[in-house]
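Note sheet for the following structure.
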Ligand code: HEC
Ligand code: HEC
């Protein structure tokens, strides 16, 4: 009588391992699409685009939204029940999305001012106008303007924690100057033509 029980236990183990190895990204991201769009191009206000973002950054932020490490205004933003494999698969799905971000209305004067500030303060980690990354920073080119305006304030107010040396980069900049960099990033094509 023992052998069949062991066999059943074994096949159950393999079945669950097989499920974990292939998360159903389509179902997992269906609720996300309401705000972030089906391919990561946001269609809600003040909502970040996820398409083409670095997979490692997305993975870190999705994990933070699931375990409460990142504060958020969205209720049950990422379900706590997501496994590490689900989080990795969804991060890779958005990172690999080649969908296009829409052009945004920006203030040309702020873009010009932001370009200068970016060169002095932000380019070390958000190089090539935010199209590349150093020191694990996220890509910023073409990111949603209103989202970035909100996040720079969230960093300054402490609602979102500075990482690495970004506090040094922000030190002494006025809210207007930080807004200008957000306009500069927003004015940039995500992929250089
Ligand atoms: C009701 C709208 C809404 C839904 C649904 C939603 N999000 Fe979000 N998401 C937002 C908003 C707004 C922000 C930025 C501010 C915040 O977190 O409150 C955000 C931020 C994020 C970020 C951070 C991006 C960055 O650049 O730092 C990630 C990653 C993310 N969401 C993933 C997801 C995933 C995965 C799902 C689905 C499980 C999801 N979101 C569902 C609105 C939403
Ligand atoms: C020393 C490296 C470094 C410098 C310099 C830096 N950043 Fe960052 N930035 C980061 C990292 C790393 C993150 C990701 C933060 C996290 O994990 O929460 C980030 C995130 C951001 C975000 C949030 C992006 C998102 O998708 O949520 C904004 C906005 C931002 N930076 C703006 C700026 C601006 C504006 C400057 C210049 C004034 C700047 N950064 C300079 C490293 C840097």
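The values are calculated or read from the model by the stated rules, or taken from the named source; none is laboratory data. Since the model is a prediction, treat every value here as computed from it, not as a measurement. Here the Cβ positions follow ideal geometry from the backbone for every residue, glycine too, while neighbour counts run over all protein chains shown.
The table that follows gives values for the structure above.
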{"item": "The one condition in (1) away from ligand 1 (no atom under 12 Å from the Cβ); (2) surrounded by 12 or more Cβ atoms within 10 Å (Cβ to Cβ) that residue 105 fails to fulfil", "result": "(2)"}
{"item": "Selection within the range 138-158 - at pLDDT below 95 and assigned to a loop (DSSP other than H, G, I, E, B)", "result": "158"}
{"item": "Odd one out for residue 26, checked against (1) within 16 Å of ligand 2 (Cβ to nearest atom); (2) at pLDDT 95 or above; (3) loosely packed, with under 11 Cβ neighbours inside 10 Å", "result": "(1)"}
{"item": "Filter result (surrounded by 16 or more Cβ atoms within 10 Å (Cβ to Cβ), more than 21 Å from residue 150 (Cβ to Cβ) and away from ligand 2 (no atom under 14 Å from the Cβ)) within the range 32-65", "result": "39"}
{"item": "Enumeration of residues in the range 169-186 that are more than 7 Å from ligand 2 (Cβ to nearest atom) and either surrounded by fewer than 14 Cβ atoms within 10 Å (Cβ to Cβ) or in a loop (DSSP other than H, G, I, E, B) (or both)", "result": "171, 172, 174, 175, 176"}
{"item": "Breaking point among (1) closer than 19 Å to residue 105 by Cα; (2) not in a helix (DSSP H, G or I), for residue 135", "result": "(1)"}
{"item": "Residue check for residue 44: without any contact (Cβ under 8 Å) to a residue 60 or more places away in the chain and not in a loop (DSSP other than H, G, I, E, B)", "result": "no"}
